[in-house]
Amino acid sequence: MDVLSEVLTVSGVRGSAGARIAAAGDWGVEWLRDRDAVVYAVTAGTAYLTLDDEDPRLLMTGDVVILATGAAHTLSSAPGAPVHSCDVAAAADARRHGDVLRLGDGDGEDDVQTQILGASYSHDPAGSTPVFALLPPVVHFRAQQLDASLTDVVRLLGRELARPGVATHVVLDRLVEVLLIEILRAWLASSPQADPSWWGVLRDPLLLRAVTRIHEAPGHPWTTEALAREVATSKQTLIRRFSTFAGTTPGEYLTRWRMDLAAHRLRDTDDALEAIAADVGYTSVYAFNRAFRRERDLPPGRYRTASRTESTPPAR
C-alpha cells in the first residue's frame, strides 16, 4: 500500500485554477494572503518574487516555485517596480478563453518578455492532513534541479491553459495534482531532515511500516502494543519514533486517520452511522460520535449536513 497516495486521495487537490502571464517593461502584481496555495513556473524571462519580511527572490527561466501556505506575495520585473493588485476578473476571463494575462508597460521589440504559468489549488477540507501545507512557506527549485517528468507536466499545463476545451477544469485539477506530486518528490529527495510532521512518516522505515498497517486496516482494534508487535519493535521505540519524526503518538495518528475516512463517508455517501462507525473501528455509535466530535467539533450528523452544504456548487 502507498501511504502517500492514500493521504493525497483524502486531503489532496479539490479545486484548481490557472493562468498564463505575459509581462514586459516595468510591471508588478500583488496577491493577498489566501487559503489557496500557488505554484509558478517561469517559462521565459525572469521575475522577482517578494514575500513580507523577505528579500526579493529572483526567478529565472525554467524555475518552479510553490507557495504552499498561500502567503501574500508580489511578482515584479524588478525590486521596487510599481505594483498593482491582481485583476482577478481579467485573469478568469483569460483562462476561459485561452488568452494570457498581460502585465506591464512594455510594447516594443526590445522589451524583455517574461512568461509565467500560474496555478492555485485548494485542499479537500474533509482531510485533516493537508500535506502540501506542511511544506515550507516557499519551495523554490532552479531549472537544473528539475527532472524531465516535472518539466513535461509544466508543458502539458501550459498547453491546457492555452487551449481550454471540454472538461478543462477536470484536466487542470489532475495536472496540478501531478505537478504537486512531482514537486513533493523533488523536495523529499533534496530537503534536509525537517521538523516533526506528517512527512516524517516517509522518512523513517519503521514508522512507515506502522502507518501502512494502520492504513491497511483502519477498523482493526489497534493498541500501541499490538501495532509495535506487528512491526517487530517495542512499544517504547514506536512511541519515540512517532514523536521524533511525526510529532504525534500512534493513538493520535490512528484516530485522526479514522476521522478523515469517516468525514469523507459522511459527506460523500448516505451510509448509516452504524456502518461508518464499525468500519473505522468503533463498536458503538456513541463512542464514534464522541470521538468524531472531539476531532471535528461537530457530531457526525451535523457534520454530514454542514459539509454537503459547503460543497454544493453555486448556481451559474
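When Cα extents along the principal axes in Å is computed from the coordinates, the matching label among [x] 72, 58, 42; [y] 72, 46, 34; [z] 69, 43, 37 is [y]. With all protein chains kept in place, the per residue accessible area of the chain amounts to 50 square angstrom at a probe of 1.4 angstrom.
Note down the relative contact order for the chain as a percent, whole number, built from C-alpha pairs under 8 angstrom at least six residues apart. Spell out each step's value before the answer.
Working: 519 pairs, mean separation 61.0, N = 316.
Relative contact order for the chain comes out at 19 percent.
Label sites at Thr9 and Ser149, each approximated as a point 7 angstrom past Cα along Cα to Cβ, lie 1.9 nm apart.
Helix-derived [θ] at 222 nm for the chain: sum -39500 (n - 2.57) over DSSP H runs of at least 4, divide by residue count, nearest 500? Before the final figure, lay out each step's value.
Details: 12 runs with 137 residues, N = 316.
The helix contribution divided over the chain gives -13500 deg cm²/dmol.
Please say if segment 258-307 is rounded, prolate or oblate, where rounded means a/c under 1.5 for a ≥ b ≥ c the square roots of the C-alpha gyration tensor eigenvalues, and otherwise the choice is prolate for a/b larger than b/c and oblate otherwise? Because a/c hits 1.5 or more and a/b fails to exceed b/c, segment 258-307 counts as oblate.
At 1.4 Å probe size, with the rest of the protein present, what percent of the exposed accessible area of segment 195-239 is carbon and sulfur atoms? Kindly include the intermediate steps, with their values, before the conclusion.
Numbers: 1080 of 2090 Å².
Exposed carbon and sulfur together represent 52 percent of the surface.
The Cα atoms of segment 124-257 give a gyration tensor whose axes a ≥ b ≥ c have a/c of 1.5 or more with a/b greater than b/c, which makes the shape prolate.
Ranking request for peptides 96-104, 206-214: highest mean number of other beta-carbon atoms within 10 Å first, then the rest in descending order.
206-214, 96-104
Ranked by the mean number of other Cβ atoms within 10 Å of their residues, highest first, the peptides 239-245, 54-60 fall in the order 239-245, 54-60.
Taking every full run of DSSP H in the chain, the ones that stretch at least 15 Å from end to end by Cα along their long axis and average 0.5 or higher on the Kyte-Doolittle scale are 148-162, 168-190.
Just round it to a whole percent: the fraction of Cα-Cα distances in segment 1-88 exceeding 18 Å.
Working: 1873 of 3828 pairs.
Percent of Cα pairs beyond 18 Å in segment 1-88: 49.
In whole percent, how big is the carbon plus sulfur part of the accessible area of segment 1-100, probe 1.4 Å, protein atoms only?
Details: 2220 of 4510 Å².
Reported share for carbon and sulfur atoms: 49 percent.
The values are calculated or read from the model by the stated rules, or taken from the named source; none is laboratory data. As the structure is a computational prediction, the values presented were derived from the model and not from experiment. Ideal geometry is used to build each Cβ from the backbone, glycine not excepted, and the neighbour counts take in all protein chains shown. We work out accessible area using only protein heavy atoms, side chains counted, and drop any ligands, DNA or RNA first. Shrake-Rupley method; radii C 1.70, N 1.55, O 1.52, S 1.80 Å.
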